[in-house]
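Just below is one structure, and these are the notes that go with it.
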Amino acid sequence: MSSLSTLPLRGSKLVAPSILSADFANLEKEIKAVATAGADWIHVDVMDGHFVPNLTIGVPVVKSLKKVSPLPLDVHLMIDKPERFVEDFIKAGADYLTIHVESTQDPASVLRKITALGAKAGITLRPGTSVESVLPLLNLCDLVLVMTVEPGFGGQSFMHDQIAKITALRAEIRKQKLNCLIEVDGGINAETAKLCADADVFVAGSYVFGRNYAEGIATLKNP
């Protein structure tokens, strides 16, 4: 199993298959299959039907996933007022817990709470979110997630205008000498991964689960 905070090999990327594209009737089988195929994390999208226009899974499912997953759980909270549920998700087994800067009045406080409870803290940029809005929070983060599609639904096309955010974040992380990973989620495949050279972690749903798992993961690890 990969370290939670560092890349496994120099030049290699971490791959976090998104279970939103998995077979929900066989999640244990799917998770173990992508783990065997070389995945590093399992990406779990939590949506409340309010902050984003879709409804997915909650704390009980994360707790069940933790029991069967050999990989860290990378839980992306797309919910309003995430501070209400941070402790519950961490107790359920979230290793990384990522919130949206617009989802709470005090994101810094929520990030500190995540860290204090023993998980890795992350902040997310939607396509309409400026890089500047999260720069003051980078020193509180283990992870910054750049959405290259509008959050809420899988299968969308990659938004090329978001690449500049990844480049800007990498420059700032180097400037501040931070140990903060950059994750990219949305329309990731062999071609779009090449455009995101400054990223550390690729989230992929249909590109992994819609083909030979090992082949898809391998192409993302070394795009």
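At 0.36 nm per residue, and after removing the present C-alpha to C-alpha distance, how many nm does the segment from Gln105 to Leu137 gain when stretched out fully?
Gain on extension, Gln105 to Leu137, equals 10.2 nm.
Would you mind checking the pairs Lys67/Lys165; Lys29/Lys81; Lys63/Lys194; Lys32/Lys91; Lys120/Lys175 and listing those with alpha carbons more than 31 angstrom apart?
Among Lys67/Lys165; Lys29/Lys81; Lys63/Lys194; Lys32/Lys91; Lys120/Lys175, the Cα-Cα distance tops 31 Å for Lys67/Lys165; Lys29/Lys81; Lys63/Lys194.
Grab the other residues whose beta carbon is less than 14 angstrom from that of Ala164, score K and R as +1, D and E as -1, and report the net.
Values: positive: Lys165, Arg170; negative: Glu132, Asp161, Glu172, Asp198.
Net charge around Ala164: -2.
Can you figure out the FRET efficiency of Ala116 with His50, using R₀ = 25 Å and their beta-carbon distance, to the nearest 0.05?
0.45
For every other residue with a beta carbon closer than 12 angstrom to the beta carbon of Asn54, add +1 if it is Lys or Arg and -1 if Asp or Glu, then tell me the sum.
-3
May I have the extent of the alpha carbons of the range 1-113 along their three principal axes, as whole Å values ordered from largest to smallest?
That gives 40, 35, 24 Å along the principal axes, largest extent first.
Could you work out how far the C-alpha centroid of the range 91-123 sits from that of the range 22-86, in angstrom?
Each part reduced to its Cα centre gives a spacing of 15 Å.
Please list, in chain and number order, the residues 5+ apart from Thr148 or on another chain whose amide H is under 5 Å from its amide H, with Hs placed from the backbone.
Asp185, Gly186
Under a crude label model (7 Å from the Cα following the beta-carbon direction), how far is Glu83 from Ala190 in nanometres?
4.7 nm
Would you mind ranking Ile42, Ile57 so that the residue whose beta carbon has the fewest other beta carbons within 10 Å leads the list?
Final ranking by Cβ density, sparse to dense: Ile57, Ile42.
Say each of Leu178 and Ala214 gets a label point 7 Å from the Cα, pointing the same way as Cα to Cβ; how far apart are those two points in nm?
My value for the distance between the label points is 3.8 nm.
Relative contact order for the range 182-223: what percent, with Cα pairs under 8 Å and sequence separation of 6 or more?
For the range 182-223, the relative contact order is 45 percent.
Given the Cα atoms of the range 96-212, and with Rh set as the inverse mean 1/r over their pairs in the Kirkwood sense, what is Rg to Rh to two decimals?
Checking Rg against Rh, the ratio lands at 0.96.
Relative to the compact globular guide of 2.2 N^0.38 Å, what is the alpha carbon radius of gyration of the range 14-221, as a ratio?
0.93
Go from 0 up to the bin containing the longest alpha carbon distance in the range 167-212, width 10 Å each, and give me the % of pairs per bin.
The distribution over the range 167-212 is 26, 46, 21, 7, given as percents.
Choose one answer from His43, His160, His100: the residue with the largest mean-square fluctuation in a GNM of the chain with alpha-carbon springs under 10 Å.
The residue that fluctuates most here is His160.
Rule-based calculations on the coordinates, nothing more; no lab input. Note that the structure is predicted; figures quoted are calculated from it, not measured. Every residue, glycine among them, receives a Cβ derived from its backbone with ideal geometry; neighbour counts consider all protein chains shown.
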